[in-house]
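Notes follow once the structure below has been shown.
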Amino acid sequence: MAPCENCRVITEATEERVYKMEIRRETDIDDRYGDLDSRTDSDIPEILPSSDRTPEILKKALSGLSSRWKNWWIRGILTLTMISLFFLIIYMGSFMLMLLVLGIQVKCFHEIITIGYRVYRSYDLPWFRTLSWYFLLCVNYFFYGETVADYFATFVQREEQLQFLIRYHRFISFALYLAGFCMFVLSLVKKHYRLQFYMFAWTHVTLLITVTQSHLVIQNLFEGMIWFLVPISSVICNDITAYLFGFFLGRTPLIKLSPKKTWEGFIGGFFSTVVFGFIAAYVLSKYQYFVCPVEYRSDVNSFVTECEPSEIFQLQSYSLPPFLKAVLRRETVSLYPFQIHSIALSTFASLIGPFGGFFASGFKRAFKIKDFANTIPGHGGIMDRFDCQYLMATFVHVYITSFIRGPNPSKVLQQLLVLQPEQQLNIYKTLKTHLIEKGILQPTLKSEVFSEGLSWISPEKKKKKKTIVHFSKK
Amino acid sequence: MVPSIQSSLLLGPSDQEPVAGMALVPSHWLGSRESESEAKVDGETASDSESRAEASPPLIPADDTPEVLNRALSSLSSRWKNWWVRGILTLAMIAFFFVIIYLGPLVLMMIVLCVQIKCFHEIITIGYNVYHSYDLPWFRTLSWYFLLCVNYFFYGETVTDYFFTLVQREEPLRILSKYHRFISFTLYLIGFCMFVLSLVKKHYRLQFYMFGWTHVTLLIVVTQSHLVIHNLFEGMIWFIVPISCVICNDIMAYMFGFFFGRTPLIKLSPKKTWEGFIGGFFATVVFGLLLSYVMSGYRCFVCPVEYNNDTNSFTVDCEPSYLFRLQEYNIPGVIQSLLGWKTVRMYPFQIHSIALSTFASLIGPFGGFFASGFKRAFKIKDFANTIPGHGGIMDRFDCQYLMATFVNVYIASFIRGPNPSKLIQQFLTLRPDQQLHIFNTLKSHLTDKGMLMAATEDE
């Protein structure tokens, strides 16, 4: 096609316009996504969740009912399924629970990152998926390394390579993180700076929320499965009972953010959760399986939960305050001290837990999504189920470290074994003096005295000289 | 609507904000108008917006140079004037640094705290400008509150470790330190609940963005500054050498690039060149070696900072550890012929300083690229206008981001393990049966290693 005289002018004008459009488009991409920073929320289109994933079976079975009841039934069945799955995993032991927590963490991370992709329409930045998953891997490696090093101290001491990995663990984790950071800087593409920074920040905040919480959950689990079960069940119970109370008695709305929540539901949920926590604590405190710290035994190469239950899991008699005495007509009541702690846990679950739910509701409204994902039919994504649990794990961990016990003994041991030999010797001497002063250790000239035991050596025995106490190692 | 935004930003509290806002508003406003006009290819609208884009370059910050300097340099041309201002301010900052070092560790800690607060303020202000969130007054309060909480948590942990005896004496301090984590968590929770309660209907996303922005800023700024303070407590040399290496690398890379620069290094920062990068690397390593040689001789730099209960002040007095004692090293054959020496006397710390300088030169610049990318992403020229000729405090500290973390990780991994006194404290809070168990495990471990004689035990 031969260019005509007139056409050339038009062509040039068109070229100039195209050129200007190109420039506009160049400055445009960041600015277009800059619209997302606009002052009101009305600009972003609604993000539709992915397709309905209700299994065909359920659909066929419930096809006869009306839509509203059908939704109810699906929710109900899924709730029961999840609760039974929970019981099954508990039965299978702590290792399976750890894997479950890991699986949930990965899925939550995936859900939140997918929302970020959709919000920022950044599917065409392929590096970002890789980098987000890489950062997840790094942070998990760091946290699992810290946990494993503590609890598997004996196992780790045996293997040489593991020793090396443990000793330089922080350095290795930091190097891995740095590699990801440098990859991010090198991957910055000219027109997409702001997008990339947003996704970077999004990834980090998500890691902060999901990964740290899940590791605190695992640390609570190692304290004893009861520290894992009672908080989680309290939150779930609060969810369900607040819903039921709100359904039957609800009248005054609680907060503008979640119009379905009511004060009646909130307060009713609070009292029922406290009662539930009290009863659940009573039931679970009896079993060693739940109460004992999880330990890794090198001889059997598995996790065991066997121990002498500590003081808070032994029945104590408490004298009732006068007004309760009149009501219950009893002088004293035997309770586990743990039940008193469970009141604190349930209170937190009912009063502050819902704030995690409001946070998630605000988040969903801010980004105009109905559910985090569509993993569980009728319920939404995994994050929807776990939104109230956000703060619970941190609270339980802080509670344990502040009120129940001090630092972690295995961690202290681990750190001791890493020190220089001279420092170890110094510490050994200091400890020995301290223990002898306190009467826990008997001063003796004979070697090979193992006074490992779980009870104090009574002061009377201390008076007798040369009393050598032998306890057999378990 | 738009004029009122501009005017409200012009009446902003400090000098630099209105200019930033002005530069941002047109381009942002531009974006929304362009999306409208995309449907119709209108030459005039396109050229209008395009010229507006050209006419609003990334902001020229208000001139903050003191009057004195302005008058003294009024005769020189603009380019040289800029040079001189930068030069004078650089020397002023370095002199200030020396004065602070002379004043001792407590003043250094205060300076680190102030720098941290200023960096936080700068980044949060950028966030406000980007999101035009001046009319969400709660957010300022909440951001500063979170800064306070996180600082309280970190300072509490540091104080508990290093001032153990002081803390045990005073009853209120003891309670505060025993329940420290719980108190910090409660304070944070209060802030979290206040945030949730402050969510306003049409501004959810803005508020979540500012919340995320605040947290990421805290993560970067506050954790780094506390790691700096940890390094400082190890010994002032661990604070001074890394920071000086980064500064030296900055200056050297700039000089090498200025005189020899030809091949651009990375598209993100067009002024950086490979010659500057490599020249800066070698210069920094040499500088690090020399500096650590000089500093390792003095106790006040080398000894860990301790709090003396009797004199109620910080003391740096100790027997220098192995790292800071001159050792003989055999020079490998290659260098032997060059230097004509068989052995050389060096401090082992100088070997470590090579690692620190290498990190400062190779990875430190990535922190600078990150900050450059950030500035381009949000279309700002400088973080703020605190230092005339240089920009904000963050501009000076952008290469230091990763250095503090690296030094801390390096010390923890290679120099020493956990803190023995801290371990003893932790041990003393355990239950008796746990204490026994640990004692016996330690005993068998030491016996295995041959450090303890199994036959006799003498004190």
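The values are calculated or read from the model by the stated rules, or taken from the named source; none is laboratory data. Just so we're clear, the structure is a prediction, and the values are computed from it rather than from any experiment. With ideal geometry, Cβ positions are generated from the backbone for all residues, glycine too; neighbour counts draw on all protein chains shown.
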Tell me the helices (runs of 4 or more DSSP H) entirely within the stretch B:351-459 that contain at least 2 residues that are more than 7 Å from chain A (Cβ to nearest Cβ) and either touching a Lys or Arg at 6+ places or on another chain (Cβ under 7 Å) or at pLDDT 85 or above (or both).
B:364-377, B:401-410
Any idea which of B:Leu290, B:Leu227 is over 20 Å from the mean Cα position of the chain (by Cα) and not small (Gly, Ala, Ser)?
B:Leu290
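If you go through the stretch A:301-320, how many residues are among the aromatic types (Phe, Trp, Tyr) and in a strand (DSSP E or B)?
2
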Checking the structure you have, find out if any residue of the stretch B:325-342 is at pLDDT 80 or above and in a helix (DSSP H, G or I).
no
Sole residue being part of a helix (DSSP H, G or I), on the phi < 0 side of the Ramachandran plot, among the hydrophobic types (A, V, I, L, M, F, W, C) and touching a residue at least 12 places away in the same chain (Cβ under 8 Å), chosen from A:Phe355, A:Phe323
A:Phe355
Here the residues within the stretch A:221-275 that are modelled with pLDDT of 85 or more and among the acidic types (Asp, Glu) are A:Asp239, A:Glu264
Can you name every residue in the stretch A:302-325 that is surrounded by 11 or more Cβ atoms within 10 Å (Cβ to Cβ), within 9 Å of A:Tyr336 (Cα to Cα) and in contact with a strand residue (DSSP E or B) (Cβ under 9 Å, 6 or more places away or on another chain)?
A:Leu315, A:Gln316
Among the helices (runs of 4 or more DSSP H) lying completely within the stretch B:218-313, list those that include at least 2 residues that are at pLDDT 85 or above.
B:237-260, B:274-295
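On the given criteria, is B:Val246 without any contact (Cβ under 8 Å) to a residue 60 or more places away in the chain, closer than 27 Å to B:Gly104 by Cα and of a type in the set (A, V, I, L, M)? Spell out how you get there, then give the answer.
Values: without any contact (Cβ under 8 Å) to a residue 60 or more places away in the chain: no; closer than 27 Å to B:Gly104 by Cα: yes; of a type in the set (A, V, I, L, M): yes.
No.
With B:Val246, B:Val294 as the choices, which residue is surrounded by fewer than 21 Cβ atoms within 10 Å (Cβ to Cβ) and closer than 24 Å to B:Ser361 by Cβ?
Every option except B:Val294 fails the conditions.
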Say we look at the stretch A:173-205 and pick out the residues that are touching a residue at least 12 places away in the same chain (Cβ under 8 Å), among the hydrophobic types (A, V, I, L, M, F, W, C) and not in a loop (DSSP other than H, G, I, E, B); which of these is surrounded by the fewest Cβ atoms within 10 Å (Cβ to Cβ)?
A:Met183
If I ask for residues that are among the hydrophobic types (A, V, I, L, M, F, W, C) and surrounded by 20 or more Cβ atoms within 10 Å (Cβ to Cβ), which ones from the stretch B:347-358 would you list?
B:Phe349, B:Leu356
Looking only at the stretch B:249-281, and only at residues there that are surrounded by fewer than 21 Cβ atoms within 10 Å (Cβ to Cβ) and polar (S, T, N, Q), the one that is farthest from the other protein chains (Cβ to nearest Cβ)
B:Thr263
Pairing a residue in the stretch A:247-269 that is assigned to a helix (DSSP H, G or I) with any residue that is surrounded by fewer than 18 Cβ atoms within 10 Å (Cβ to Cβ) and not charged (D, E, K, R), where Cβ atoms lie under 7 Å and the two sit 6 or more apart in sequence or on different chains, gives A:Trp263/A:Thr252; A:Glu264/A:Leu249; A:Glu264/A:Thr252; A:Gly265/A:Tyr243; A:Gly268/A:Leu249
Condition test on A:Thr375, is it in contact with a Cys (Cβ under 6 Å, 6 or more places away or on another chain), surrounded by 17 or more Cβ atoms within 10 Å (Cβ to Cβ), in the same structural domain as A:Ile90 (by TED's automatic domain parsing) and not acidic (Asp, Glu)?
no
Can you tell me which residue within the stretch B:188-217, out of those that are not in a helix (DSSP H, G or I) and not polar (S, T, N, Q), is modelled with the lowest pLDDT?
B:Val200
